[in-house]
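Read through the structure below, which is laid out as structure tokens, and then see the notes.
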DNA sequence: TGATCATATTCTCAAAGTGGAATATGTGAA
DNA sequence: TTCACATATTCCACTTTGAGAATATGATCA
């Protein structure tokens, strides 16, 4: 995807991470190499869904993140290759992960990932906050 | 200077490098660990002096750059310590230095550094463009 | 097909960033 | 003290970004 490496490509990558929400997304994605779906990020970050989608789109346009669809869910993951900046940038994000406030996210993310079935997200946004609580979670037919 | 590491500190650092001029400044400073003065950066970048001063101030406020005065000259350097993000961030800037457009800056910087005397800047802005040319450069008393 | 749900987009406007132009500050030399 | 010069700041018009609110899209299931 990224063909020629120019300073413009690079400063756009920096700008993409120069926002607290997007940096926190980066930290979360670092914990889940296979990606996270939007609703998981919404729950972890406590940000409105349209905002999370927006920021993910920005990260994707900056070439830092990839997207794949699985049924109704869209999984976003940190790009692993084709971007020469990604390795050193990942090291920067790792530093961010050590921050106290980032670790709060990590705690919530671990809790959210525990709700997965077969490695996939099977619930929507705020499962614990909606009426009916756990009973609301209707598990569809999932292999594994 | 940086006491507690928070994600805010880090995304401000990213945002500081998320601009083409400031990223180019970062690349230049990487070539000169002891720092560059404002007039040198003005010549290399081809940006107006007030703009260079402004961007340097921003980099300084983001904790990425230090400043010291030597007579009329102000030297800015990449911060080396007290900022846990600096090492991985430096690796990112190094990647940026490999870009074709960044190497043009590097060529100009080498030429500009050749005008130093005793490792110090002794000329102002655009020395070759002002009337009188080389003759204008009046060397003050400089040790070495 | 219609309902439901996960995700994406658009509209809007306040807030922040950007950089040119003019000017101020600070330092050293005459 | 005055001048010259390197650097810093302020003012201002302009552009970009940020995010709430409402709505659209797209996929699955009944």
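Read-outs throughout are calculated quantities, based only on the coordinates presented, and are distinct from any laboratory measurement. Please read these numbers as outputs of a predicted model, since none were measured by experiment. For neighbour counting, all protein chains shown are included, and Cβ atoms are generated from backbone atoms with ideal geometry for every residue, glycine included.
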For the protein assembly as shown, the Rg and Dmax computed from alpha carbons only, in angstrom: 23.6, 86
Computed over segment A:7-136, the Cα gyration tensor eigenvalues, each multiplied by 5 and square-rooted, give semi-axes in Å (largest first) of 26, 15, 13
Can you give the relative contact order of chain A as a percent, counting alpha carbon pairs under 8 Å and 6+ residues apart? 26
Using 0.36 nm per residue of separation minus the Cα-Cα distance, give me the extension gain between residue B:6 and residue B:77 in nm, one decimal. 23.2 nm
Residue A:49 paired with residue B:91, simple spin-label distance in nm, labels 7 Å along Cα-to-beta-carbon: 3.8
Rounded to whole Å, give me the distance from the Cα center of segment B:93-116 to that of segment B:1-73. 15
Report, in deg cm²/dmol and to the nearest 500, the calculated mean residue ellipticity at 222 nm for the protein assembly as shown, where each DSSP H run with n ≥ 4 adds -39500 (n - 2.57) and the sum is divided by the residue count. -15000 deg cm²/dmol
